[in-house]
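Okay, structure first, notes after.
The values are calculated or read from the model by the stated rules, or taken from the named source; none is laboratory data. Since the structure is predicted, the reported quantities are computational estimates derived from the model, not experimental observations. So basically every Cβ, Gly included, is an ideal-geometry build from the backbone, and we count neighbours across all protein chains shown. What goes into the accessible areas is simple: the full protein's heavy atoms, side chains included, and nothing from ligands, DNA or RNA. Shrake-Rupley method; radii C 1.70, N 1.55, O 1.52, S 1.80 Å.
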Amino acid sequence: MTVYTPLCFRGKKILAPMVRVGTLPMRLLALDYGADIVYCEELIDIKMLQCKRVINGKYKVLETVDFVAPNERVVFRTCERERHSVVFQMGSADAERALAVAKLVENDVAGIDVNMGCPKEYSTKASMGAALLSDPDKIESILTTLVKGICKPVTCKIRILPSVEDTVNLVKRIEKTGIAAIAVHGRKKEERPQHPVHCDVIKAISEAVSIPVIANGGSHDFIREYTDIETFQKATAASSVMIARAAMWNPSIFRKEGLFPLKEVMQDYLKYVLRYENHYTNTKYCLCQMLREQLETPQGKKLHAAQSMQEICEAFEMADFYEETTAVYEAKKTSLETKTQDEDDQMEDPDVIKMAVRFDKREYPPQITPKMYLLEWCRKEKHPQPVYETIQRPLDRLFCSVVTVAEQKYRSSLWDKSKKLAEQAAAIVCLRTLGVPEGRLCEGENHLINKRKREDQERLNSRDLGEHLAEPSCKKTNFIEETFDKNVP
């Protein structure tokens, strides 16, 4: 049994949370170079609560834990390598939502942080980020709820207030919530990187509280190489140092032995990008931040023009590595898909009737589907209505549905991208096995459409005769609602 050791925030060198930069490849690279703790980019609570937790490790393709949005976009990806080092930072202005997100990710991360310092409008307009600094009651509510509600350490990251006294008083109040540490960006919310960092304010905070204070904001004025990290820590009397832009420019800033050449760093970064399927647009953004003044060089221009991961790799003399990695990944995926299909076949109920069919709505009239035809046939034959059982395959998140009609099961042997499509395909298998029309345009006369027309005409005639005075003349009856129950989409 693995014993969990709570994260310590004293004497640490930490990768700061950075939007679009703090994704899995950058976090792993920082750990490789010597970072003790890595923060993910700020992720909004409402967006996270829409996500489904998906484990890729079962099939050994990516070996990650993904939090996937309804549109199939991976919002947060993590892996075992960083499990005891990564702090999940969220944007939130509501204690209960914050707790729900923390519980969602708690078992996959080492700590939870609340962003209370982001000055950007997208954050402050929603009362998150730096907007929380003017609402101490809400800060206290969120942090207290998190500390009491989860087992992992809770931290927050703030900016300084206009006066030292107000800042110290706020931090003392925050300390009483029971959080494990507080990160302080030594600038006011209206100040930007070109403004000097207020080391004196961070120092005043460090001397006023007993919890670890993590100094942030020294990249512009202090930190150029590894030895500068200690200089900044001494200037602020902080327990630890959090690095943002200096690490974004060259994450080997965490190396005791000194910086690696930028070309080598970017190639190391791309290896993680390919290993964990980071999206090419995010990859391109991070590499541009590293290149900075070199963007006008031939390599920089080639990167700027790149429109795919392959083109990005070509810009960094890694075309062969891209081909090799892609080939290995595809072979592994194909092998696992075959194994999964074999397992599906072994687990298959021999009594289920199968056909290789898909539902294509272009082959059917508007608002007419095989499920409707199957439901009507069951009613006509006095059978119970069809029962659909749908499962999702973890490997590729595709769906398969089994429909039971008159105690016989039917399914398509093909997997579909949605639950609705899988159910329609199962209905088609059943109808074709029974020799019953399924409503396709090529079948000629469509009796469901004709039935609808007849019912509409009868209703209009009845209205004209005054037999349906209660029904407004402008309203047409919805055929689907009257003819089919909620089981039909």
**Item:** Projected area averaged over orientations for segment 265-346, convex hull of C-alpha atoms, nm²
**Value:** 5.7 nm²
**Fill in**
Which residues qualify? For residue 44, with a placed amide H closer than 5 Å and at least 5 residues away or on another chain, they are 91
**Message:** Report the Cα centroid-to-centroid distance between segment 385-406 and segment 131-153 in angstrom, as an integer.
**Reply:** 42 Å
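Considering the convex hull of the alpha carbon atoms of segment 45-173, report its projected area averaged over all viewing directions, in nm², one decimal.
Orientation-averaged projected area of the Cα hull: 8.6 nm².
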**Prompt:** Hey, what's segment 265-346 come to in accessible area per residue, 1.4 Å probe, Å²?
**Reply:** 56 Å²
**Request:** Using per-residue counts of other Cβ atoms within 10 Å, averaged over each peptide, order 253-262, 126-135 from highest down.
**Result:** 126-135, 253-262
**Request:** Note down the Stokes-Einstein diffusion coefficient of the chain in µm²/s, whole number, using a Kirkwood radius over alpha carbon pairs, 20 °C, and 1.002 mPa s.
**Result:** 80 µm²/s
**Request:** Skip the ligands, DNA and RNA, and give the accessible area per residue of segment 1-135 with a 1.4 Å probe, whole Å².
**Result:** 41 Å²
**Asked** Ranked highest first by average number of other Cβ atoms within 10 Å, how do 95-106, 373-384, 29-40 line up?
**Response** 29-40, 95-106, 373-384
**Principal axis dimensions, segment 12-260 - Cα atoms, whole angstrom, descending** = 51, 45, 31
**Request:** Evaluate the Kirkwood expression for the hydrodynamic radius of segment 1-90, namely the inverse of the mean inverse distance over all pairs of different C-alpha atoms, and round to one decimal in Å.
**Result:** 14.0 Å
**Relative packing of peptides 199-212, 181-194 - highest average C-beta neighbours within 10 Å first** = 181-194, 199-212
**Prompt:** Counting only heavy atoms of protein chains, what accessible area per residue, in Å², does segment 352-434 have with a probe of 1.4 Å?
**Reply:** 50 Å²
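Could you look at the chain and say what percent of its accessible area is carbon and sulfur, using a 1.4 Å probe and all protein chains?
On the way: 12380 of 24280 Å².
Carbon-and-sulfur percentage of accessible area, whole number: 51.
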**Asked** Of all the Cα-Cα pairs you can form in segment 352-434, what percent are over 18 Å apart?
**Response** 37 percent
